[in-house]
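The values are calculated or read from the model by the stated rules, or taken from the named source; none is laboratory data. All values reported here derive from a predicted model rather than from experimental measurement. Here Cβ is always computed from backbone atoms with ideal geometry, including for glycine, and neighbour counts include all displayed protein chains. Accessible surface is based on the protein model in full, side chains and every heavy atom, while ligands, DNA and RNA are left aside. Shrake-Rupley method; radii C 1.70, N 1.55, O 1.52, S 1.80 Å.
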Amino acid sequence: MARSPAASARLEAAAAAKQVHSDLDLPRRVTEGAGLIDVFEAIGELGIPLVFKPLTSALGLCLPSPLRGIMVTTKRGLHIQRFTAAHELGHVVLEHRGSIDREILERGPLAPAGGRDLQEVAADAFAAEFVLPRWLYRHHIRAQGWTVARHLRNPDIVYQLSLRMGASYESTCWGLLSHQILPRGEVDELLKTRIANLKSRLGGNFRPGSSWSDVWRLTAKDNGARLVGNPDDLLRIELEESSGSGHQWQVDALRRAGYAILSDESAFSRDPLHYGAPALRTLIARPPENGTGAVRLRESQPWAPDEQSDPSFALGLSLQGPEAGGLSRADRRRLGLTS
Ligand SMILES: [Zn+2]
């Protein structure tokens, strides 16, 4: 059976997104780096002008070929800015005529194509593949030790996966379906979850600073991670602690780095079989006000000097929220305009 024009447009768009990943060496750079595709940096590296403006009647727009230029609104959250920029990048790479986008469908290749402009169908498919490629799912699933059968049907896990990939919960769910990681029925179940409920469970008595802010659940598997999100995000850090030998996570390093520790609890397993097992130290922390900075915690005996061999847990933060206007932060870094 011949492919429909929409199906052909999507295939061509996804192939173009993969080509850009490969041209910019993104699979290696992203999996060795922050774990999410820096869409704005990629646009800058391709030499395409990108500017953020307080657009109210559109999420983004791009200039027609052969001009090249992308504008994205400052009026929406970071995940939408990222997806919008990827959609506009799709228009540029696929050499479409100019576009002013009021609506962008994060379902990407799964959105119904009926009656929609084929260039929009293609740009949505490009964006979904560009922001959420299959290899990025595989990277995080492996790094976290998750399995499809035991973990990915759990909305808490999929929410944490979405934060690490810099995408909304919904678009992360659609990617699970389009990459055939989960079947339709299970993705439909995941999509019924109210994320606000997950956030309030994770944060204990504490809530993130606003409804679009997130709660990161971090464990030893996230050692060395760089978090990209919003300044109001909350961090829930869960680390095993060998308290039997007097080792404790030295959490003052967090305070010195400007974090507010809202809650600090230690719990032992009640299972007698696990007597002597490590305790679980759970911290809920608010990041420093500017949302940036690195911190390293050590697990040591309080009376002993720090040893290089002590277990440690390091985090880098880029919790700076949406782009605020003008050039992207990535462009300013690239052009040496930031201190
Ligand atoms: Zn468009």
Among (1) more than 16 Å from the ligand (Cβ to nearest atom); (2) in contact with a Leu (Cβ under 9 Å, 6 or more places away or on another chain); (3) among the hydrophobic types (A, V, I, L, M, F, W, C); (4) open to solvent by 10 Å² or more (accessible area, probe 1.4 Å), there is one condition residue 93 misses while meeting the rest; what is its number? (1)
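Yes or no, residue by residue, for (1) touching a Leu at 6+ places or on another chain (Cβ under 8 Å); (2) open to solvent by 20 Å² or more (accessible area, probe 1.4 Å); (3) at pLDDT 95 or above:
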| residue | (1), (2), (3) |
| --- | --- |
| 40 | yes, no, yes |
| 45 | yes, yes, yes |
| 50 | yes, no, yes |
| 54 | no, yes, yes |
| 60 | no, no, yes |
| 66 | no, yes, no |
| 72 | yes, no, yes |
| 76 | yes, yes, no |
| 88 | yes, no, yes |
Only residues in region 131-157 that are basic (Lys, Arg) count as the first member; pair them with residues that are not in a helix (DSSP H, G or I), Cβ under 8 angstrom, at least 6 apart or cross-chain, and list the lot. 134/179; 134/181; 153/182
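Yes/no per residue for (1) within 16 Å of the ligand (Cβ to nearest atom); (2) open to solvent by less than 10 Å² (accessible area, probe 1.4 Å); (3) farther than 27 Å from residue 230 by Cβ:
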residue	(1), (2), (3)
120	yes, no, yes
124	yes, yes, no
127	yes, yes, no
194	no, no, no
Step by step: first the residues of region 108-118, then only those that are crowded, with 18+ Cβ neighbours inside 10 Å and within 13 Å of the ligand (Cβ to nearest atom), then the one that is nearest to the chain's Cα centre (by Cα). Which residue is that? 108
Criterion first (under 21 Å from residue 166 (Cα atoms) and either within 13 Å of the ligand (Cβ to nearest atom) or open to solvent by 10 Å² or more (accessible area, probe 1.4 Å) (or both)) does residue 84 satisfy it? yes
